[in-house]
Amino acid sequence: MTHDLHVVHVINSLDRGGAETNLARLCEATAGRGVSNVVVTLRDGGELRSDVARFSRVIPLSALPEALRLLRMPRAAGAPQLLVGWMYLGCVAAALLAPRSMPVVWSLRHVPDQLQRESRATRVALSWLRRFSRAGGRRRPALLIANSAAAVDAHRRLGIDAPCRVIENG
């Protein structure tokens, strides 16, 4: 089958969780429909790895050179056309890994309503995303996808500003 759209997803892990389950469902739903998905994980393994691997290629961060080669492929060779970061660390990694000409989408599936309750890693990632999202910045996402209007509002209050679309879980 030929693929009309080549997408790379970057996510922290494939442990069982809401965003991870949504990514697994997306890979399954788009398999055989002209979409080629590659999932780069920042941590190896995870309960959902085998499920995701049935419908897409999974590259752990330990194979970073392979992921970088994939992102730098010439278009004619089936290079990815879209990079999607999932959750905060995945979005930071996607912003840093993306070639200049590749659109990046951030999928933020969480409502950070009390920042002091978030982990230090989450707070640091949010501060990077705030910097990256500034208008005119090279690392600014083309689109921010959230699972609710409340999530969009919460991220805007934190200074994360980009064109948004709400896609509910399920």
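In the range 21-41, which residues are in contact (Cβ under 8 Å) with a residue 40 or more places away in the chain and out of contact with any Pro (no Cβ under 8 Å at 6 or more places or on another chain)? Answer for the range 21-41, where residues must be in contact (Cβ under 8 Å) with a residue 40 or more places away in the chain and out of contact with any Pro (no Cβ under 8 Å at 6 or more places or on another chain): Asn22, Leu23, Ser36. Residue pairs whose Cβ atoms lie under 6 Å apart, separated by 6 or more positions or on different chains, with the first residue in the range 133-151 and of a type in the set (S, T, N, Q) and the second open to solvent by less than 60 Å² (accessible area, probe 1.4 Å), are Ser133/Ile160; Ser133/Ala162; Asn147/Arg109.
Which is of a type in the set (Lys, Arg), on the phi < 0 side of the Ramachandran plot and over 17 Å from the mean Cα position of the chain (by Cα), of Arg130, Arg109, Arg139, Arg123? That would be Arg123, the only listed residue that is of a type in the set (Lys, Arg), on the phi < 0 side of the Ramachandran plot and over 17 Å from the mean Cα position of the chain (by Cα). Only residues that are more than 17 Å from Asp161 (Cβ to Cβ) and in contact with a helix residue (DSSP H, G or I) (Cβ under 8 Å, 6 or more places away or on another chain): list them for the range 116-133, please. Correct list: Glu118, Ala121, Thr122, Arg123. For the range 20-39, filtered to residues that are among the aliphatic types (A, V, I, L, M) and within 21 Å of Tyr88 (Cβ to Cβ), the residue that is surrounded by the fewest Cβ atoms within 10 Å (Cβ to Cβ) is Val38.
Of the helices (runs of 4 or more DSSP H) lying entirely inside the range 40-133, those carrying at least 1 residues that are among the small types (Gly, Ala, Ser) and open to solvent by 70 Å² or more (accessible area, probe 1.4 Å) are 49-53.
Within the range 64-85, does at least one residue satisfy the condition of being closer than 19 Å to Ser13 by Cα, touching a residue at least 60 places away in the same chain (Cβ under 8 Å) and not β-branched (Val, Ile, Thr)? Taking every residue of the range 64-85 in turn, at least one turns out to be closer than 19 Å to Ser13 by Cα, touching a residue at least 60 places away in the same chain (Cβ under 8 Å) and not β-branched (Val, Ile, Thr). Of all residues in the range 136-162, those being closer than 20 Å to Ala19 by Cβ, open to solvent by 50 Å² or more (accessible area, probe 1.4 Å) and not hydrophobic (A, V, I, L, M, F, W, C) number 2.
Taken over the range 9-36, the criterion of being modelled with pLDDT under 95 and assigned to a strand (DSSP E or B) is satisfied by Val35, Ser36.
The values are calculated or read from the model by the stated rules, or taken from the named source; none is laboratory data. The shown structure was predicted, so the numbers you read here are calculated from the model rather than taken from an experiment. A quick note on method: Cβ atoms are made from the backbone with ideal geometry, for glycine too, and the neighbour counts reach across all protein chains shown. With ligands, DNA and RNA removed, areas are computed over all heavy atoms of the protein, side chains included. Shrake-Rupley method; radii C 1.70, N 1.55, O 1.52, S 1.80 Å.
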